[in-house]
Amino acid sequence: MPAGRFAPSPTSDLHLGNLRTALVAWLAARSTGRDFLVRIEDLDQQRVAAARGVAERQLADLAALGLDHDGPVVVQSERTALYEEALAQLDTYECFCSRKEIAEAAQAPHDGVRVYPGTCRDLSEAERSARRRDRSPALRVRANAATVTVNDVLHGEVTGLVDDFVVRRNDGVHAYNLAVVVDDGRQRVDQVVRGDDLLGSSPRQAWLANQLEYDVPTYLHVPLAVSESGARLAKRDGAVTLAELVDQGVGPGRVLGTLAESLGLAQPGEPVTVNDLLARFNVEALPRGPWLVASLAQAPACENKMSMT
Ligand code: GLU
C-alpha cells in the first residue's frame, strides 16, 4: 500500500508548526487512500539522549489531535543494518575534512545548502590510510555535481545541485539524507509531507532514491510557522507545544481548530474533528506563505469556551 508519513526527530516536543505539518501529512495521506506511517528519526543519539521521553510525547500529541497511523511506529536507530546495506550499493569515498575546513573551502551556500568542494574526492589509498590515523572519516557519496529537479505540490519545480553529500558521519551515525531515503523507499512512502526548511534537501534525496532504485516520492513542503517577530516559531515564544497549551486551558480540540483555521479549513472558533477536515481538504488550496502564529493562550476567554475539550 502506498503511504504518506510523519517523521519527527525526538529532540524536542512538537510545537504548533510541527503539529500543523503532521495534520497536513495525515490529511494528504488519508484523503488519497494512502496509509499514514509514523517514523521516529532518532539516529542522533546524543541529541536524543538529552531529550528523554520526547518520542512518547510526540506520539501522544498526534493521538490527542486524532491523527491515527497504520502499522507499528518505525524507529530509525533499530534499522542501521538497512542503512549499511544501502551504503554498500553506493559509490562512496572517505572524507577527512573538519567542519571548519569545509566552511573555509566550500563555495557559497547553494540555495541554502552548502556545497562540498570535493577536497577528499581523489585521495590516493596511501593518503587515506595516513589521514585515518588522525581522524576517522565520514563517508560521502560521489554525485558528480548532478543537477536534479523535483516537483513540489506547493513550491513547483525545485532544482538543486547535488554535491558529494555525507551519507555516514565521522562518528559512525548514518546521515539523515541516507536514512530518510532508505526508509521512505522500504516503507513504500510515495508522498513526503514535511516542513519547508527541508525543501533544499529534496533534490539530493530524489537523486539518492534513484541511485538506490526507489521511486521518487511526491513532495509537499509545508510553509513554516513563524512568531510575530518573523522568526521561526520556538520555545521562547511562550506556550507553543500541546502540553503547554493544555496547561493554560487550551485543549487539543481548540488547538486542532486553530491549525485547521490556519490552513483555511475551518472558521475561527469552529469546533472540528479531523474527519470534518478530511472532507474539506484540498491540497491545491493550502496557504503558500509562512503561518504567523498569534498567541493562543492569551486569546479572549469567550473563545476558550468554544474549546471542544
Ligand atoms: N526528522 C526530520 C525533522 O524532524 C523530518 C524528516 C523528513 O520528514 O524528511 O525535521
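The values are calculated or read from the model by the stated rules, or taken from the named source; none is laboratory data. These numbers were taken from a predicted model, which means no experiment stands behind them. When we count neighbours, we look across all protein chains shown, and the Cβ atoms used for this are built from the backbone with ideal geometry, even at glycine. Remember, those area values only see protein heavy atoms, side chains included, never the ligands or the DNA or RNA. Shrake-Rupley method; radii C 1.70, N 1.55, O 1.52, S 1.80 Å.
At-a-glance table
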quantity: Unmet criterion (only one of (1) open to solvent by less than 60 Å² (accessible area, probe 1.4 Å); (2) away from the ligand (no atom under 13 Å from the Cβ); (3) within 26 Å of residue 262 (Cβ to Cβ)) for residue 202; calculated: (2)
quantity: Residue 71 vs. criteria more than 16 Å from the ligand (Cβ to nearest atom), small (Gly, Ala, Ser), at pLDDT 95 or above and in a loop (DSSP other than H, G, I, E, B); calculated: yes
quantity: The listed residue being out of contact with any Gly (no Cβ under 7 Å at 6 or more places or on another chain), touching a residue at least 12 places away in the same chain (Cβ under 8 Å) and not in a helix (DSSP H, G or I), out of 183, 190, 164, 197; calculated: 190
quantity: Test result for residue 168, in contact with an Asp or Glu (Cβ under 9 Å, 6 or more places away or on another chain), of a type in the set (D, E, K, R) and within 15 Å of the ligand (Cβ to nearest atom); calculated: no
quantity: Residue pairs meeting the criteria (Cβ under 7 Å; at least 6 apart or on separate chains; first under 18 Å from residue 188 (Cβ atoms), in the range 49-75; second open to solvent by 50 Å² or more (accessible area, probe 1.4 Å)); calculated: 73/59
quantity: Matching residues, the range 9-39, being within 12 Å of the ligand (Cβ to nearest atom), open to solvent by less than 10 Å² (accessible area, probe 1.4 Å) and under 16 Å from residue 55 (Cα atoms); calculated: 10, 14, 22, 38, 39
quantity: Residues located in the range 95-130, provided they are open to solvent by 40 Å² or more (accessible area, probe 1.4 Å) and modelled with pLDDT of 90 or more; calculated: 119, 121, 122, 124, 125, 126, 127, 128, 129, 130
quantity: Count of the range 219-243 residues which are of a type outside the set (A, V, I, L, M, F, W, C), out of contact with any Gly (no Cβ under 9 Å at 6 or more places or on another chain) and surrounded by fewer than 18 Cβ atoms within 10 Å (Cβ to Cβ); calculated: 6
quantity: Any hit, the range 138-159, residues being modelled with pLDDT under 95, among the hydrophobic types (A, V, I, L, M, F, W, C), surrounded by fewer than 21 Cβ atoms within 10 Å (Cβ to Cβ) and more than 21 Å from residue 38 (Cβ to Cβ); calculated: yes
quantity: Residues of the range 33-46 that turn out to be in a loop (DSSP other than H, G, I, E, B) and within 16 Å of the chain's Cα centre (by Cα), as a count; calculated: 4
quantity: Matching residues in the range 182-199 - criterion: being more than 9 Å from the ligand (Cβ to nearest atom), farther than 12 Å from residue 155 by Cβ and hydrophobic (A, V, I, L, M, F, W, C); calculated: 182, 189
quantity: Total residues in the range 47-68, condition assigned to a loop (DSSP other than H, G, I, E, B) and surrounded by 15 or more Cβ atoms within 10 Å (Cβ to Cβ); calculated: 3
quantity: Qualifying positions in the range 184-220 - of a type in the set (A, V, I, L, M) and under 23 Å from residue 289 (Cα atoms); calculated: 192, 193, 198, 199, 220
quantity: Test for residue 30: is it among the charged types (D, E, K, R) and closer than 13 Å to residue 8 by Cβ; calculated: no
quantity: Tabulated pairs, the range 17-32, first outside any helix (DSSP H, G or I), second open to solvent by less than 10 Å² (accessible area, probe 1.4 Å), C-beta under 8 angstrom, 6+ apart or interchain; calculated: 32/4
